[in-house]
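Have a look at the structure below before the remarks.
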Amino acid sequence: MSSAAKKCLSILSILILIAVFLVLMFPIYWTATTAIKSRADLFANPPNLFPVSFNIDNLLAVFGIGSDISVATVLAADGLTRFMRNSAIITTISCAIALTIGTLGAYGLVRMNISKKAKKNLSFFILSTRMVPPISASVPLFLIFNEIGLVNTFAGLIIAHIVLNLAFVVWMMQGFLKEIPTEIHDASAVDGCGPIEGFIRVVLPLSAPGLVVTLIFIAIFSWNEFPLSLVLSGEGTRTVPIAIASMWSSVQSVWGEMAAAAIVATLPVLILALSVQKNIVRALTFGAIK
């Protein structure tokens, strides 16, 4: 291939990447601009691609500040804050428990003295439980939790989120733990570490990048989870996605406030991902160099 053809191919690749980037980022851009548009701009025909004026009334209404009766009725006096607190409680506790149990399970699978085929089949069976759509499991979980009094409780939602994320944690951490040479395990045993002590003092520090990446994924899953939270939550345990969806009605659609709430709800997970981006890069290259 000539140098001119290579240059054209490189330019074409860059243009395709730019086009894909713009397509993927446009929904985020539109949501962000909708959050700062006035009501007149929202219903302009044709739609305004760029905001005509900067308006923060939608953001204020989301936090319970302002005079929008429809939003205040849905979000109550403290706005989205209460639902973000509910989501934070459920996400933090469920992710901590799922990450702990799942990492131990993955370590057991890696170190288990069985054939590779048996490990593969067992791993696939665990992963297959994650393939079940959450909406399919919501009704059975509701019937079970209703019988034992866990509907509309934080405990019930935390258990449901653990069940949702556990298989994913096992699958992710198994891949990271496989990259740790068995000689390191053997060396820790020679130094006098038992299985648990060796796992805590040797394996966990080496697999820290994988733990961080897995935590980010399950935190995103838990924070954004909708079907299970819709069925199992109530007025006191409603999460952010349910609160945002409740802002829409057949009588009135407050698009500006919904967009503002979506942007605000995205910030915690975005900040978490940006704060640990170095560990993400380390995890992506984990095991690449032996």
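Readers should treat all values here as calculations from the given coordinates under stated rules, not as data from a laboratory. It should be emphasised that the depicted structure is a prediction, and the values quoted were computed from it without experimental measurement. FYI the Cβ positions are ideal-geometry reconstructions off the backbone, even for glycines, and counts take in every protein chain you see.
Kirkwood analysis of region 127-176, using all unique Cα-Cα pairs, places the hydrodynamic radius at 11.8 Å.
Pairs of lysines in region 81-284 whose Cα atoms sit within less than 24 Å of one another amount to 5, provided the residues are eight or more positions apart or on different chains. The magnitude of the dipole of the chain, with charges of +1 and -1 set on the Cβ of Lys/Arg and Asp/Glu and taken from the Cα centre, is near 1040 debye. Note on region 81-284: Kirkwood hydrodynamic radius from all Cα pairs is 18.7 Å, rounded to one decimal.
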